[in-house]
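**Student:** The structure's right below; bear with me while I get my questions together.
The values are calculated or read from the model by the stated rules, or taken from the named source; none is laboratory data. Note that this is a predicted model, so its numbers are computed, not measured. Counting neighbours? That spans all protein chains shown, and the Cβs are built from the backbone with ideal geometry, glycine included. Only protein heavy atoms, including side chains, enter the accessible area calculation; ligands, DNA and RNA are left aside. Shrake-Rupley method; radii C 1.70, N 1.55, O 1.52, S 1.80 Å.
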Amino acid sequence: MVEEDMRSVNSQSTEHLVYSMTPREDTPYTPYEVDRLKRHLKFHFMTPCQKFKARKRKPWKLIVQILKIIIVTTQVFVFGMQRGNFVDFEQKTRLSLQHLLFKGWEPSYETMPYPAAIGRYALYKTTEIVDHLNYAMTNFNLTEKLAIGAYGFTEDQAGLRSKTATLTLVKFQVGEIFPNNVTYNLNPNLDKVSLTFNATKLENGTEVYDFQQVLRNNGQELSVNKLHSMELNFSLYGIHLKQGTNKVNVEPDCLLIKGKIKYDNSKHNGQMTVFMEIELVSKTCNDGSIFEEDTELETIALILLDSVVVLLCFLSTVTCARSMKRSVILYRKSRVFFKKHYGYKCTWDDVMVFANFWYVMIVTSDILCVIGTGLKVAISHQEYKYMEYSGMLLGIATVLVWMGVIRYFEYFERYNVLVLTCKKAFPDVIRFMICAATIYIAFTICGWLVLGPYHIKFQTIFASSECLFSLVNGDDMFVTFSVIDDKAPTAIWIFSRVYLYVFISLFIYFVLNVFISVIIDTYEVVKQHYIDGSPKTVVENFIDSCPDDPSSPLYISDMYSTRQCCSSAGCWLFFCGRRRDYTDDLTNILE
């Protein structure tokens, strides 16, 4: 009998599935228990306002999420300004040292790499290498006199001010090239030689920096054929004054500036590129008493802000975990109920009714926010190496925190249309993107392979991908056509035109329009569902069959009939504790 009923059920639409199923003759459930389960399920999927109306339950999750958005956004703004101030100081320090130590440095080298206003800073003669190193060391010795910034020399092991630098030569073990007869003798293994770049005293007592003399004193010679690269390492003390609105109202940072000038000759193409890298390491300031009051107030405010963020994230995680626990319990009860009462086995669609991925996203944002806040606290203790990681974690957490509020828009019909469109279109969009990605990757590799040597936008595989993505969005089309190297062969020039025309036509006129049509079709389907009604699962139809609206007193009666025996915090948080029922009394009341 049950098998015949199930076969008839499967042949009908799910819209009338619940009403076509008849209870089993040996069902262990009473009509009251069936109605109570309906109310439990209906209450579980109510909006916060409906839950408050039904059981006077305050929307704690919504309150926590709103508070978390406000506090986390405030924390991110404060940290963003601090991080931007520090990174700006680091970049300006590097620029000031480049102006000071690089011979022939011009402001045009500081512009964005695209569109290129000038070539890369590089050396092309052996005499330029010697002059550049001597110039850098001479000006480094005069840093305290020439530089506008607050820089000072570090101390050596004897406690004296050190104006020396360390020069590291990276050379091939054997490197002999004879262009006259087109022969060479190379050993690709590299050796590193570290030299102390000291000043040389002349006969008249003056001190000068002579790179050639330093090499001779250490038994070395300058051989560009053997030279792979060089590094000039130096260190300085610096003080970062963090400016407020009208005064310096924050304690300055005392820093050790570790500088490194790199001379790259690894390609041996006649161009030795030169660039600088710096690393800022925190140092303890000797005196900061004039900032003591302001610093103490700022420190207390930041600690309080971080503590509130961690507390709200903890509460958010607990409330979401509690809701997920309740969803699992209700699903298990419903699965057993449908199996024993109707002989129906819940499908995957029925399972997904209870799944709430918004909670997963919110918990993920809480975890990222707590970890990012912990790294932020470490930064406040002068651990600047965690700054970038903290920024990334807090940035991702902020995105997820704001997106977590979208779940509450589902309770409003007009906003829910957009949310449902994104949900229903997601599988089709993923399938479409996989197909489009194969074509996109093919064009990316082709462009990098053919146009890379002649086009600035295709020099690397990543640059090629970024260029094509910009073209899809209509950015810099004419520039992409025109910046190909004038010395490129005619065949490459013709290929570039055909390649760009085909890619732009294919992706803009075909791929993008198909992508938009996928979204529009889903949007129309969702709108039609609001008119004709959307297809529902067995569980949803079972919930809709409950005639009790949120104002019914039965919801409050159910709350007392399922009161937990334990009242501890652990039982409240994790929905544990055994329940005792007052079924007989309530049945008499209903009768």
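**Student:** Could you tell me which residue of the range 185-197 is farthest from GLN220 (Cα to Cα), considering only residues that are more than 41 Å from the chain's Cα centre (by Cα) and at pLDDT 80 or above? If you could, list the steps in order and put the result at the bottom.
**Tutor:** In the first step, residues of the range 185-197 are kept if they are more than 41 Å from the chain's Cα centre (by Cα); the result is 185-187, 195-197.
Those still in the list that are at pLDDT 80 or above too: 185, 195-197.
Numbers: ASN185: 19, LEU195: 10, THR196: 13, PHE197: 13 Å.
Only one residue fits best here, namely ASN185.
**Student:** Of everything in the range 417-459 that's modelled with pLDDT under 90 and of a type in the set (A, V, I, L, M), which residue is nearest to TYR501 (Cα to Cα)?
**Tutor:** Only one residue fits best here, namely ILE456.
**Student:** Of all residues being of a type in the set (D, E, K, R) and part of a helix (DSSP H, G or I) in the range 82-110, which is most open to solvent (accessible area, probe 1.4 Å)? Just the residue, please.
**Tutor:** Going through the range 82-110, the residues of a type in the set (D, E, K, R) turn out to be 83, 88, 90, 92, 94, 103, 106, 110.
Checking the rest, the ones that are also part of a helix (DSSP H, G or I) come to 83, 88, 90, 92, 94, 110.
On the way: ARG83: 76, ASP88: 66, GLU90: 49, LYS92: 107, ARG94: 72, GLU110: 77 Å².
The qualifying residue most open to solvent (accessible area, probe 1.4 Å) is LYS92.
**Student:** Please state which of the following conditions VAL72 fails to meet, knowing it meets all the rest: (1) of a type outside the set (Phe, Trp, Tyr); (2) surrounded by 17 or more Cβ atoms within 10 Å (Cβ to Cβ); (3) farther than 21 Å from MET324 by Cβ; (4) at pLDDT below 85.
**Tutor:** It fails just one condition, (4).
**Student:** Looking at GLU90 and the list (1) at pLDDT 80 or above; (2) out of contact with any strand residue (DSSP E or B) (no Cβ under 7 Å at 6 or more places or on another chain), which single condition is not satisfied?
**Tutor:** Answer for GLU90: the failing condition is (2).
**Student:** Okay, next question. Look at GLY152 and say whether it is modelled with pLDDT of 85 or more and either more than 30 Å from THR200 (Cβ to Cβ) or in a helix (DSSP H, G or I) (or both).
**Tutor:** On the way: modelled with pLDDT of 85 or more: yes; either more than 30 Å from THR200 (Cβ to Cβ) or in a helix (DSSP H, G or I) (or both): no.
So GLY152 fails the test.
**Student:** Among the residues of the range 325-342, how many are open to solvent by less than 60 Å² (accessible area, probe 1.4 Å) and not hydroxyl-bearing (Ser, Thr, Tyr)? Give the derivation first.
**Tutor:** Of the residues in the range 325-342, the ones open to solvent by less than 60 Å² (accessible area, probe 1.4 Å) are 326-327, 329-331, 334, 336-338, 341-342.
Next, only the ones that are not hydroxyl-bearing (Ser, Thr, Tyr) stay: 326, 329-330, 336-338, 341.
Within the range 325-342, residues that are open to solvent by less than 60 Å² (accessible area, probe 1.4 Å) and not hydroxyl-bearing (Ser, Thr, Tyr) number 7.
**Student:** Is the range 177-199 home to any residue that is under 22 Å from MET276 (Cα atoms), surrounded by 12 or more Cβ atoms within 10 Å (Cβ to Cβ), out of contact with any strand residue (DSSP E or B) (no Cβ under 7 Å at 6 or more places or on another chain) and not basic (Lys, Arg)?
**Tutor:** So far as the range 177-199 goes, yes, one or more of its residues are under 22 Å from MET276 (Cα atoms), surrounded by 12 or more Cβ atoms within 10 Å (Cβ to Cβ), out of contact with any strand residue (DSSP E or B) (no Cβ under 7 Å at 6 or more places or on another chain) and not basic (Lys, Arg).
**Student:** For the range 462-482, what are the residues that are more than 17 Å from LEU449 (Cβ to Cβ), of a type outside the set (A, V, I, L, M, F, W, C) and under 22 Å from the mean Cα position of the chain (by Cα)?
**Tutor:** Result: SER470, single match.
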